[in-house]
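Worksheet: the structure to be examined is printed underneath.
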Amino acid sequence: MARFDTRSRRKALSGSLSGAGVLLAIALFAITNYFGWKYHQRFDWTQSQLYSLSEKTENVLAELDRDVEVVVFMSPGDELFSAVSGQLARYEAGSPRVRVRYVDPVKNLLQAQSLVEKYELSHLNVVVFDSGDDRRIVDGTELADYDYSGMQLGEGSQLVGFKGEQVFTSTLLDLVESRKPRILFTTGHGELSLDDYSPEGMSLARELLGKDNFELEEWVSIGQSQVPPGTDLVVIAGPDSTFLEPELQVLRGYLEGGGRMLVLLDPTLSPAGGLVETGLESFLVDFGVMVGEDIVVDPSNPLPFFGAETIFVNAYTDHAIVRSLDQAQLPVIVALARSVGLATDTQGYEMQELMRTTPDGWGETGLENLQEVEKDEEDLAGPVPLAVAVKAAADAEEASESSAAEETVTEKTAARDSGEDASRHMRLVVIGDSDLATNAQLQNVPNATLLANTLNWLVERQTLIGIPPKKPEQVRLSLTRAELSRLTWLVLVVLPGLVILIGLTVFLRRRR
């Protein structure tokens with residue numbers, strides 16, 4: 001009887017311990033999942049950060065002030081479906097205001113048809129962003145870059161760049177911003193044209209900046225008494241003739257009244273010798289900027305198959321405009337540039353150089369004979385500054401980047417809409433080259449990023465930085481015949497044999 005009681009107690013104790021262990025395991029599982037859900041963290045070990053959102057997108061998502069439903073009209077068999085769904089999943093994780101819904105037009109024909117009528121779609125394979133009172137439609141053809149060079153050999157097109165984040169973030173901005181920043185490009189002095197599709201034109205800039213929700217127009221400054229009201233930014237891109245004094249007075253009044261301006265100033269050679277005087281050189285001195293009478297040369301950073309006047313620049317400062325380029329070490333291509341540095345008197349302005357040549361570069365001042373360019377004592381010694389950013393000393397907005405993030409895009413837009421310009425302070429960026437913004441050079445992703453970052457900084461859209469297309473990583477493993485043979489033996493013989501040997505050893509030891 002006593003033995004039976006002891007055995008019963010042992011069984012009860014064993015059952016209690018087993019039950020407690022099961023409950024403990026369930027509790028640990030629940031706690032782990034709770035903390036994983038509440039404090040989840042994603043990691044991206046790809047070299048190009050293919051599975052991470054950029055800082056620009058994260059800021060835009062953090063500032064969303066309304067719910068946005070994203071409806072994806074794509075079949076799972078579509079080539080872009082995996083990339084689109086993965087990208088939008090990161091948007092959902094980044095903001096509780098974003099909700100994504102997928103509609104397969106093949107399997108759910110009735111549902112697809114009703115939504116086609118609701119959104120007035122002319123075709124499928126699109127992504128719809130719906131905020132309730134407004135919507136934007138993204139065509140699938142806008143989401144990727146393809147390489148068609150192999151089609152001549154009978155091969156298909158190859159996906160070389162996925163632009164989903166670039167397009168989706170631009171669409172979100174267009175959906176939530178009530179007003180597009182208005183940018184005027186001056187004309188009448190030989191400036192680059194937004195309607196020029198040649199390599200020397202800026203039609204590509206119009207297309208790229210339009211995706212960043214800018215409104216671009218050309219403006220004849222001659223004969224105007226003021227910059228048109230509602231202008232957020234004036235751009236002077238590559239003039240090759242002189243601005244009249246009344247024009248300069250209008251531009252001066254605009255800047256002193258809190259205006260924003262981007263000047264792309266080339267070293268245009270004059271038939272009379274030296275460089276063409278545009279009138280902007282002395283005008284910019286009053287705002288703390290010194291534009292050099294020179295042509296920049298940098299033998300350490302030449303561009304293959306181009307002349308000495310075409311160089312790439314990868315020496316940046318810590319300014320917000322070029323910080324992302326510096327972190328990624330992306331070089332900007334400039335052609336026939338002139339030096340742009342700080343004037344001796346910068347009182348009343350906060351100024352910072354943006355990018356420079358290497359120490360081996362110099363500003364060539366001997367412009368009479370450019371066939372044989374050599375550095376001498378009269379030239380500007382390197383590193384030569386190529387761009388400068390200026391803002392009024394009273395503009396403390398970027399003294400702390402965190403304080404800039406506190407004011408939302410919506411608040412800034414509302415202030416501009418209501419005409420509250422008293423809080424605006426002058427901002428100016430001068431770059432000693434306009435070719436970097438032409439169709440030929442904007443094919444280089446860092447050039448496009450520099451241009452977009454510059455305009456966004458000037459109009460105080462701190463949440464926006466350029467998002468270049470991300471290239472899908474294609475990892476290839478090349479093995480020789482001997483290496484493949486060794487790998488085969490390792491996988492099919494050595495590793496399984498090792499597992500069997502360990503099993504036999506454990507079995508024999510337990511038998512003893």
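The values are calculated or read from the model by the stated rules, or taken from the named source; none is laboratory data. Since this is a predicted model, take the numbers as computed values, not measurements. Neighbour counts run over all protein chains shown; Cβ positions are idealised from the backbone, glycine included.
Some values worked out for this structure:
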| item | result |
| --- | --- |
| Sole exception among (1) surrounded by 16 or more Cβ atoms within 10 Å (Cβ to Cβ); (2) modelled with pLDDT under 95 for Leu262, by number | (2) |
| Subset of segment 165-188 [surrounded by fewer than 21 Cβ atoms within 10 Å (Cβ to Cβ), in contact with a strand residue (DSSP E or B) (Cβ under 8 Å, 6 or more places away or on another chain) and part of a loop (DSSP other than H, G, I, E, B)] | Lys180, Gly188 |
| So Gly238, is it touching a Leu at 6+ places or on another chain (Cβ under 7 Å), under 29 Å from Asp286 (Cα atoms) and surrounded by 15 or more Cβ atoms within 10 Å (Cβ to Cβ) | yes |
| Test for Gly279: is it surrounded by 15 or more Cβ atoms within 10 Å (Cβ to Cβ) and on the phi > 0 side of the Ramachandran plot | yes |
| Residues that are under 19 Å from the mean Cα position of the chain (by Cα) and either of a type in the set (Gly, Ala, Ser) or surrounded by fewer than 23 Cβ atoms within 10 Å (Cβ to Cβ) (or both), drawn from segment 428-439 | Ala437, Asn439 |
| Answer residue from segment 125-184, given it is modelled with pLDDT under 70 and polar (S, T, N, Q) and is farthest from Arg99 (Cα to Cα) among those | Gln152 |
| Pairs, first among the acidic types (Asp, Glu) in segment 94-110, second modelled with pLDDT under 90, C-beta under 8 Å, six or more apart | Asp104/Met74; Asp104/Ser75; Asp104/Pro76; Asp104/Ala112 |
| Residue that is modelled with the highest pLDDT [pool: residues in segment 210-238 that are closer than 27 Å to Asp174 by Cβ and among the small types (Gly, Ala, Ser)] | Ala237 |
| Residue in segment 251-293 that is nearest to Leu336 (Cα to Cα), counting only those that are hydrophobic (A, V, I, L, M, F, W, C) and in a helix (DSSP H, G or I) | Leu280 |
| Qualifying strands (runs of 3 or more DSSP E) (wholly inside segment 321-372; at least 2 residues being farther than 19 Å from Ile295 by Cβ) | 349-356 |
| Condition broken by Glu215, with the remaining ones in (1) crowded, with 16+ Cβ neighbours inside 10 Å; (2) charged (D, E, K, R); (3) within 23 Å of the chain's Cα centre (by Cα); (4) farther than 15 Å from Leu255 by Cα satisfied | (1) |
| Among (1) touching a residue at least 60 places away in the same chain (Cβ under 8 Å); (2) in contact with a strand residue (DSSP E or B) (Cβ under 6 Å, 6 or more places away or on another chain); (3) closer than 19 Å to Gln441 by Cα, the one test that Leu336 misses | (2) |
| Meets criteria (surrounded by 14 or more Cβ atoms within 10 Å (Cβ to Cβ), in contact with a strand residue (DSSP E or B) (Cβ under 8 Å, 6 or more places away or on another chain) and closer than 19 Å to Phe312 by Cβ) for Gly363 | yes |
| Residue pairs meeting the criteria (Cβ under 7 Å; at least 6 apart or on separate chains; first surrounded by 10 or more Cβ atoms within 10 Å (Cβ to Cβ), in segment 25-45; second at pLDDT 60 or above and small (Gly, Ala, Ser)) | Asp44/Ser52 |
| Residues of segment 379-396 satisfying the condition of being assigned to a loop (DSSP other than H, G, I, E, B) and either crowded, with 17+ Cβ neighbours inside 10 Å or modelled with pLDDT of 85 or more (or both) | Asp379, Gly382, Pro383, Val384, Asp395 |
| Condition met for Ser241 (of a type in the set (S, T, N, Q), assigned to a helix (DSSP H, G or I), over 16 Å from Leu436 (Cα atoms) and modelled with pLDDT of 90 or more) | no |
| Within segment 289-340, tally of residues that are closer than 16 Å to Ser434 by Cα, among the small types (Gly, Ala, Ser) and surrounded by fewer than 21 Cβ atoms within 10 Å (Cβ to Cβ) | 1 |
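Let's see how each residue does on (1) touching a residue at least 12 places away in the same chain (Cβ under 8 Å); (2) over 27 Å from Arg461 (Cβ atoms); (3) in contact with a helix residue (DSSP H, G or I) (Cβ under 6 Å, 6 or more places away or on another chain):
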| site | (1), (2), (3) |
| --- | --- |
| Pro239 | yes, no, no |
| Gly259 | yes, no, no |
| Ser270 | no, yes, no |
| Phe283 | yes, no, yes |
| Gly288 | yes, no, no |
| Val297 | yes, yes, no |
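Per-residue answers, yes or no, for (1) closer than 22 Å to Leu428 by Cα; (2) at pLDDT below 85; (3) within 29 Å of the chain's Cα centre (by Cα):
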{"residue": "Gly258", "(1), (2), (3)": "yes, no, yes"}
{"residue": "Leu269", "(1), (2), (3)": "no, no, no"}
{"residue": "Thr278", "(1), (2), (3)": "yes, no, no"}
{"residue": "Asp298", "(1), (2), (3)": "no, no, yes"}
{"residue": "Glu350", "(1), (2), (3)": "yes, no, yes"}
{"residue": "Glu353", "(1), (2), (3)": "yes, no, yes"}
